Amino acid sequence: MHNIFVQRKKQEIMKPKRFILISYALFLGCGLKAQNDSAWSLKDCIEYAIKNNIDLQKSRIAEKESEVDLTSAKATLFPSLSFSSNQNITNRPYSESQTNIINDGSGNLTATSSSSKTSYNGSYGLNASWTVWNGGKRIKNIKQQKLNKQIAGLSIIESENSLQESITQLYVQILYTIESIEVNKKALRLSEIQRDRAKEMLTVGSIAKSDLAQLETQVANDKYQVVNAQATLQTYKLQLKQLLEIESTQEIVLATPTISDEQALLPLPSQISVYESALAQRPEIQSGKLNIQSADLDIRIAKSGYLPTLSLSAGTGSSNGSNRGMGFGEQIKTNWNNSIGLTVSVPIFDNRQNKSNVEKAKLQRESIALDFQEERKNLFSTIEKLWLDARSAQEMFSAAQSKVESSQISYDLVSEQFRLGLKNTVELLTEKNNLLSAEQDKLQSKYTAILNAQLLNFYQGGEINL
């Protein structure tokens with residue numbers, strides 16, 4: 001049986017790994033809905049897959065992570081505040097007199113003498129620090145995190161688009177397989193009619209037993225084709241059930257909309273119009289532009305390393321200890337101290353670190369720009385292939401329609417001539433196989449044209465709808 005997607009696989013419209021994951025999401029929805037004995041349309045499957053696909057859920061988590069990163073970047077604009085306390089007990093068992101070294105909380109040490117061999121002291125401090133200026137790195141980092149958040153959101157849309165494309169391809173493949181089964185069943189019925197007629201002709205001596213044997217062989221072959229096509233369809237379902245880890249006895253039910261021949265011949269938009277629309281709204285293109293902006297910020301952040309850093313610090317604290325002759329409260333009050341400081345750091349020689357960072361950032365920017373250029377090129381290539389495949393399929397479909405009509409007329413004539421004994425079995429089977437081949441070609445070109453037309457409409461910003 002012909003496969004409508006042989007050429008499309010060669011063109012790598014859909015990556016295998018992504019196809020498997022999307023198949024899982026598609027039939028997760030279809031399998032669960034089948035429990036309620038209701039058929040799933042293409043729209044139902046897409047909506048359910050977008051809601052439950054694992055990759056999409058991970059992308060949504062990544063977007064939330066980028067939002068947390070943005071909040072953290074904004075928080076660097078504010079001062080930090082911390083509290084610290086240090087408690088020490090010292091024992092000198094062989095010392096006749098004890099000298100206590102006490103930290104008063106501000107870093108100053110004092111010594112006191114005591115006859116006790118065990119001493120205790122504690123310090124308490126509240127410290128604040130604030131980076132006033134660091135070359136504008138924090139502001140640039142906030143801008144970059146905003147871009148990263150937008151890129152994460154676009155990544156979700158990109159995954160959703162890829163999911164919809166792959167679901168559509170799989171859905172059309174199933175519709176094609178179902179109709180292909182019907183074509184094979186029709187061929188089987190024709191073969192059975194010819195075989196039964198040949199039995200009557202054999203009874204009156206109009207044909208030989210070898211002719212009847214050939215017709216019976218053809219019936220057996222057509223039965224095999226029907227069974228093989230049905231097995232192919234069941235294989236799709238079985239594989240998907242295994243991915244879903246659901247019971248093999250559970251049936252997967254899909255809605256099978258009626259696809260008219262006219263739908264395969266609808267006018268196609270121009271390649272340029274599709275490409276221009278795709279450039280304006282496709283998430284992979286928008287993400288590429290944002291990546292370039294982020295790379296520009298990386299360069300500016302790296303250059304900030306050449307600039308001075310100004311930071312402000314402040315603290316307050318106190319201390320207490322044993323053998324001082326004062327209570328805890330009085331010691332805290334007596335030892336209370338406050339401090340404030342301003343630090344300026346000017347980079348002079350940093351072993352070429354800043355220069356290397358700037359050079360790497362510029363090289364990374366060039367690489368990202370090339371990635372964006374390649375993304376645009378791939379987009380146009382994809383659209384061009386879709387358009388050429390759609391136009392070619394439409395032309396083949398028109399030709400296949402005429403071929404089916406002529407093959408049907410030829411088969412009917414040969415069949416009647418065979419009944420009259422004017423044609424032999426080989427000629428009859430040849431015409432019958434020609435008719436079957438023409439119908440399969442028509443079916444294949446029909447669904448290829450419909451699929452590519454739907455994808456072109458989707459790249460132009462429209463919705464996929466069968």
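Computed from the coordinates by the stated procedures, all read-outs in this text should not be read as laboratory data. Treat the numbers as computed from the prediction; the structure is a model and nothing was measured. Note that each Cβ is placed from the backbone with ideal geometry, even for glycine, and that neighbours are counted across all protein chains shown.
Data for the structure
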quantity: Relative contact order %, the range 254-390, counting alpha carbon pairs below 8 Å whose residues are six or more apart; calculated: 35 percent
quantity: In nm, spacing of pseudo-spin labels at Asn337 and Asp371 (7 Å Cα→C-beta vector); calculated: 5.2 nm
quantity: Sequence-distant aspartates and glutamates (8 or more away, or on other chains) whose Cα lies within less than 14 Å of Lys360; calculated: Asp296, Asp298
quantity: Cut-off 18 Å, label 7 Å out along Cα→Cβ of Ile292, residues of the range 359-380 by amide N; calculated: 361-380
quantity: When each of Lys74/Lys355; Lys186/Lys223; Lys223/Lys446; Lys289/Lys377; Lys303/Lys355; Lys146/Lys289 is checked by Cα-Cα distance, pairs over 19 Å; calculated: Lys74/Lys355; Lys223/Lys446
